[in-house]
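The values are calculated or read from the model by the stated rules, or taken from the named source; none is laboratory data. All figures in this text were calculated on a predicted structure; none of them were measured in a lab. Please note: Cβ atoms are built from the backbone with ideal geometry, for glycine as well, and neighbour counts cover all protein chains shown. Keep in mind that these areas ignore ligands, DNA and RNA; they rest on the heavy atoms of the full protein, side chains included. Shrake-Rupley method; radii C 1.70, N 1.55, O 1.52, S 1.80 Å.
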Amino acid sequence: RFDTVVRGTPGELFNGAHVTQSYEPKLPDRVPADALAYFTFHGSEGMLNGLTKTPQFSSPQLRPLVKVLREVEALLQGENALYVRGNGDSSKYPEVTLVTEPKAGTDGAEALDIILGENSSTLGVKPTHTAIDRIPARTLDLGPATIYYADVGDNLVVTDSAEGLRSFAHPSSTLGGSDDFKDTANASGLPSKTQGYVYVNVRGGVALAQKLSHAQIPD
């Protein structure tokens with residue numbers, strides 16, 4: 001648990017910044033129980049305004065990114081979560097999944113289609129439509145890895161594993177219901193309303209680190 005106080009004068013990055021109100025997280029009751037690392041935050045309208053007004057974004061090279069950031073902002077205006085799970089033996093990469101709650105009335109997958117379509121020449125890749133367990137989805141072939149994204153209910157899910165979509169849509173058990181998570185939340189004094197937090201399952205994370213590094217970590 002961290003309690004931090006920062007003193008000083010905010011720089012230009014914080015001009016017009018929107019303060020996130022405390023919220024009661026709902027996504028832990030939808031995310032699979034075997035998430036090894038979990039980060040949650042709540043977006044707001046104008047959350048990236050300070051960033052887009054910095055001198056760096058006034059340059060001709062980065063000016064087009066301002067529009068992209070504003071479009072991405074609409075995908076992050078509710079409760080969001082980024083989490084990591086082990087990917088079994090099917091891949092040398094762990095599963096990394098981002099779940100967002102877009103602005104009301106925004107179709108997350110369609111909005112991401114437009115963002116990627118408008119920047120396809122720069123990115124060098126276009127989404128391909130597919131279906132995963134009857135979930136209409138898109139894939140992005142990045143060579144070493146494939147990115148999948150789809151609407152699941154009111155959420156946009158972006159992941160590097162097809163199983164990431166399946167497990168969020170149909171979890172057999174959830175993070176919020178797991179004993180490890182509940183014990184950690186209670187021990188840290190996690191309040192019912194928060195401005196965001198990070199949860200790490202150290203024991204499971206060590207096992208994943210050993211798998212990725214092909215090395216035994218000493219006790």
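As an exercise: evaluate E118 against (1) in contact with a strand residue (DSSP E or B) (Cβ under 6 Å, 6 or more places away or on another chain); (2) open to solvent by 90 Å² or more (accessible area, probe 1.4 Å); (3) of a type in the set (D, E, K, R) and give the number of the one condition it does not meet.
Only one criterion in (1) in contact with a strand residue (DSSP E or B) (Cβ under 6 Å, 6 or more places away or on another chain); (2) open to solvent by 90 Å² or more (accessible area, probe 1.4 Å); (3) of a type in the set (D, E, K, R) is unmet by E118, namely (1).
With (1) closer than 25 Å to T194 by Cα; (2) modelled with pLDDT of 75 or more; (3) surrounded by fewer than 19 Cβ atoms within 10 Å (Cβ to Cβ); (4) of a type outside the set (G, A, S) as the list, and V68 as the residue in question, which single condition is left unmet?
Only one criterion is unmet by V68, namely (1).
Any idea how many residues of the stretch 151-163 are open to solvent by less than 40 Å² (accessible area, probe 1.4 Å) and in contact with an Asp or Glu (Cβ under 9 Å, 6 or more places away or on another chain)?
Looking only at that region, the number is 6.
Give the residues of the stretch 69-93 that are in a loop (DSSP other than H, G, I, E, B) and polar (S, T, N, Q), sorted by residue number.
Q77, N87, S90, S91
Residues L116, L112: which one is of a type in the set (A, V, I, L, M), in a helix (DSSP H, G or I) and within 24 Å of Y38 (Cβ to Cβ)?
Going through L116, L112 in turn, the sole match is L112.
Checking N186 against (1) assigned to a helix (DSSP H, G or I); (2) in contact with a Pro (Cβ under 9 Å, 6 or more places away or on another chain); (3) open to solvent by 90 Å² or more (accessible area, probe 1.4 Å), only one condition comes out false. Which one?
(2)
Restricting the first residue to the stretch 20-41 and requiring it to be over 18 Å from S167 (Cβ atoms), which pairs with a second residue that is of a type in the set (G, A, S) and open to solvent by 80 Å² or more (accessible area, probe 1.4 Å) meet a Cβ separation below 8 Å and a spacing of at least six or different chains?
Within 8 Å, the pairs are E24/S192.
Quick check: is even one residue across the stretch 94-101 out of contact with any helix residue (DSSP H, G or I) (no Cβ under 8 Å at 6 or more places or on another chain), outside any helix (DSSP H, G or I) and more than 28 Å from L212 (Cβ to Cβ)?
Yes, the stretch 94-101 contains a residue that is out of contact with any helix residue (DSSP H, G or I) (no Cβ under 8 Å at 6 or more places or on another chain), outside any helix (DSSP H, G or I) and more than 28 Å from L212 (Cβ to Cβ).
Which residue is most open to solvent (accessible area, probe 1.4 Å), if the candidates are limited to the stretch 192-208 and must be farther than 18 Å from L82 by Cα and not in a loop (DSSP other than H, G, I, E, B)?
Across the stretch 192-208, the extreme among qualifying residues is R203.
Okay, residues lined up against (1) open to solvent by less than 50 Å² (accessible area, probe 1.4 Å); (2) assigned to a helix (DSSP H, G or I):
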position: V125; (1), (2): yes, no
position: Y149; (1), (2): yes, no
position: L165; (1), (2): yes, yes
position: G176; (1), (2): yes, yes
position: L190; (1), (2): no, no
position: Q210; (1), (2): yes, yes
